[in-house]
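The structure appears right after this line, and notes come after that.
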Amino acid sequence: MCGIFGSVLKEGRVAPIIHDGLKRLEYRGYDSVGFATIDSGVLQILKDKGRIDDVVESLGLDKMPGSTGVGHTRWATHGAPEMINAHPHSDCEGRVAVIHNGVIENFMELKEELLNRGHNFTSRTDTEVIAHLIEEEMKGDVGLGEAVLKALRFLEGSYAVAVVSATEPDKIYCARNESPLVLGVSDTGTFCASDVPAILPYTNKILYLRNGEFAELDKDGFTLKLINDGSTLIRAPMEIDWTIEMAEKQGYPYFMLKEMYEQPSSLRNALRLQQRYLDLLTTFLDRGEDLFLVAAGTSYYACIAASYMFSKLARLTIYPVISSEFVEQYGSSLGVDSVVLAVSQSGETYDTLQAVEHARMRAATVIGVTNTVFSSLCRRARAYISQQSGPEIGVAATKTFTSQLMVLSQLAMKLARTKGKISQDEVDELEEKMFQIPDIVEQVLERHGESIGDLVNKYVDKNLYIFLGRGISSATALEGRLKLLELTYVPSLAYPAGESKHGPISVVEEGVPVVFVCPRGESRKDIVGSIMEMKARGAKIISVCEEGDKEITSISDDVIAMPMGIPDVLSPIPYVVPLQLFAYHLAVQKSLDPDKPRNLAKSVTVP
Ligand code: F6R
């Protein structure tokens, strides 16, 4: 996730407005910043790594001349957060400046083709190919707008882009496919941005660009076209009545709710990983003798789920270990044949980094999955993969958890293919299902986003909750319980359902809500017995199960019905969503702030 902003003003300098716009988009990323403005027929690009205010100050970006310009705040996905990788990017001749948010999936092929044609690349980003593609099209003696349209047609993946050039000094060309882009019109000029808050101080007349749309902005407004055939579209902006604070949360009352609703799109991004990094990580895992998944909190629960995935799909034993325990538990037996896959959203969790340091000291191979490309974990790992979820502001992890699972399931699937332990048909089928998961999550949010609020209403006064699942669903249950605990402070338990009779069932009494996670498939085995066990002791049963599962429905007090056909091994991704919603609604009904749970920090960088 990155933030993009652009404006064509009727008069005055645009640079301070770009600065202001980017500040309002800082939540989308903050590792590097750059502006491009046009003045007296000259395009000037200034950029560097660092946070917005620091770079603006050090490079004097606010003082750049010109009333047309674009700016970018970056959250690195391709290429480290370095000056050369900061946006805007340009072509060989320095004629165009391009800013981009998204992931160009076919950039390696495009880059190779452009290199063969003699183009010089200065960055390691996917974005730079767009600038060179435009340059290539401009050789055909077409105008900038036409060249941008033609260049866009080569791109596969997600993008919101904006392009300026001194050849058309009072224009911005922009387009979107699956990354957000909004336009704004006012008496003072025309604007484009990744999100409404950046534009709202200047106008409330907003148009949401849709996938496959392209816009030409000038100081008086914009014209819209379809990218695929260049045909013109007519659509008027709408007037929105949000305050800036509401707009920052896109109309959602809390960041956590917004981030839960972002999951379909963050999951799509997590499916756009660069194959060569997936290959690299699977090669390390394949070579290792002793394999460990190391993480804390929610990331640890993603690792528990992943250990089932690796075992079931690739027949690989990989131990999930809580990072603060790792050195004590396995530190002495680590060696050159050990591989430690550290999973950390922030890449800065102290305990995880300690585990990583120890592993390195013992000559083990450390690899990582993280959401923060410039983090300490990345610097310490032999190879890492970015989950591409964008910054998460709510303290409780939601979209980053489901994306971690998506990345880990792709690693397991890749290993399944290379090791050939399950049939290729089976892997193909699973992979097809995996690509449907973002849509399934969208359906779950549509169906249950609000109604879980009514369900929660019935249980709002309970002072103990239990979350149970079997197999891979025990990881889902653990994460559901952690969300509830963090947000509502209500004591709660979670463990694999089969464990009840070995002790924890003693706390069950009349009216205690027990949430069962029971997708159809292997983890549903024996779950009926576990439900009956709880019912017999007066528990209230809330089941998250497949739609049409009559047996579970008949023995449950409440059912959260999930779409049919979700494979058990991928089920934690959609099945955790109702549990996130449950915790969120319960917190709101208890008048607690779900974005800021007490005693918790987003990144735990202390022992
Ligand atoms: C829970 C949560 C924490 C983190 C944990 C690890 O909602 O956010 O439990 O998962 O502190 O953080 P990372 O993944 O940054 O290492």
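The values are calculated or read from the model by the stated rules, or taken from the named source; none is laboratory data. All values reported here derive from a predicted model rather than from experimental measurement. Glycine also receives a Cβ, built like all others from the backbone with ideal geometry; neighbour counts cover every protein chain displayed. Heavy atoms of the whole protein, side chains included, go into the accessibility calculation; ligands, DNA and RNA do not. Shrake-Rupley method; radii C 1.70, N 1.55, O 1.52, S 1.80 Å.
Does F292 satisfy the criteria of being open to solvent by less than 20 Å² (accessible area, probe 1.4 Å), touching a residue at least 24 places away in the same chain (Cβ under 8 Å), in contact with a strand residue (DSSP E or B) (Cβ under 6 Å, 6 or more places away or on another chain) and in the same structural domain as L341 (by TED's automatic domain parsing)?
So F292 fits the description; yes.
Kindly establish whether L408 is touching a residue at least 12 places away in the same chain (Cβ under 8 Å) and over 13 Å from L579 (Cβ atoms).
yes
Can you pull out every residue in the stretch 56-84 that is within 13 Å of F35 (Cα to Cα) and at pLDDT below 95?
Within the stretch 56-84, T73, R74, M83 qualify.
Please determine, by comparing only the residues of the stretch 311-347 that are hydroxyl-bearing (S, T, Y) and within 16 Å of the ligand (Cβ to nearest atom), which one is surrounded by the fewest Cβ atoms within 10 Å (Cβ to Cβ).
My answer is S324.
Taking A477 and the conditions (1) away from the ligand (no atom under 16 Å from the Cβ); (2) surrounded by 15 or more Cβ atoms within 10 Å (Cβ to Cβ), which numbered condition does it fall short on, given that it satisfies the others?
Against the list (1) away from the ligand (no atom under 16 Å from the Cβ); (2) surrounded by 15 or more Cβ atoms within 10 Å (Cβ to Cβ), A477 comes up short only on (1).
Residue by residue, here is whether (1) without any contact (Cβ under 8 Å) to a residue 60 or more places away in the chain; (2) assigned by TED's automatic domain parsing to the domain that holds K483 holds:
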position	(1), (2)
V508	yes, yes
G521	yes, yes
R524	yes, yes
T553	yes, yes
D558	no, yes
V604	no, no
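Does any residue of the stretch 383-398 turn out to be within 16 Å of the ligand (Cβ to nearest atom), assigned by TED's automatic domain parsing to the domain that holds R315 and on the phi > 0 side of the Ramachandran plot?
Yes, because at least one residue in the stretch 383-398 is within 16 Å of the ligand (Cβ to nearest atom), assigned by TED's automatic domain parsing to the domain that holds R315 and on the phi > 0 side of the Ramachandran plot.
Do we find a residue being in contact (Cβ under 8 Å) with a residue 40 or more places away in the chain, exposed (fewer than 15 other Cβ atoms within 10 Å of the Cβ) and on the phi > 0 side of the Ramachandran plot anywhere in the stretch 490-506?
No, there is no match, as no residue in the stretch 490-506 is in contact (Cβ under 8 Å) with a residue 40 or more places away in the chain, exposed (fewer than 15 other Cβ atoms within 10 Å of the Cβ) and on the phi > 0 side of the Ramachandran plot.
In the list R447, R470, which residue meets the criterion of being modelled with pLDDT of 95 or more, open to solvent by 20 Å² or more (accessible area, probe 1.4 Å), away from the ligand (no atom under 15 Å from the Cβ) and under 25 Å from the mean Cα position of the chain (by Cα)?
R447
Filter the stretch 324-378 for residues that are modelled with pLDDT under 95 and of a type in the set (G, A, S); which is farthest from the chain's Cα centre (by Cα)?
S376
For the stretch 356-371, which residues satisfy the criterion of being closer than 17 Å to L285 by Cβ and within 14 Å of the ligand (Cβ to nearest atom)?
V356, G368, V369, T370
Within the stretch 183-215, can you find the residues that are part of a strand (DSSP E or B), within 25 Å of the chain's Cα centre (by Cα) and within 21 Å of L144 (Cα to Cα)?
L183, C192, A193, E213, F214
Taking V103 as the residue in question, decide whether it is surrounded by fewer than 22 Cβ atoms within 10 Å (Cβ to Cβ) and hydrophobic (A, V, I, L, M, F, W, C).
Taking the combined requirement at face value, the residue does not satisfy it.
Look through the stretch 271-304, keep the residues that are outside any helix (DSSP H, G or I) and away from the ligand (no atom under 16 Å from the Cβ), and return whichever of them is nearest to E109 (Cα to Cα).
Q274
Mind counting the residues in the stretch 182-200 that are of a type outside the set (V, I, T) and at pLDDT below 95?
The number of residues fulfilling the criteria is 5.
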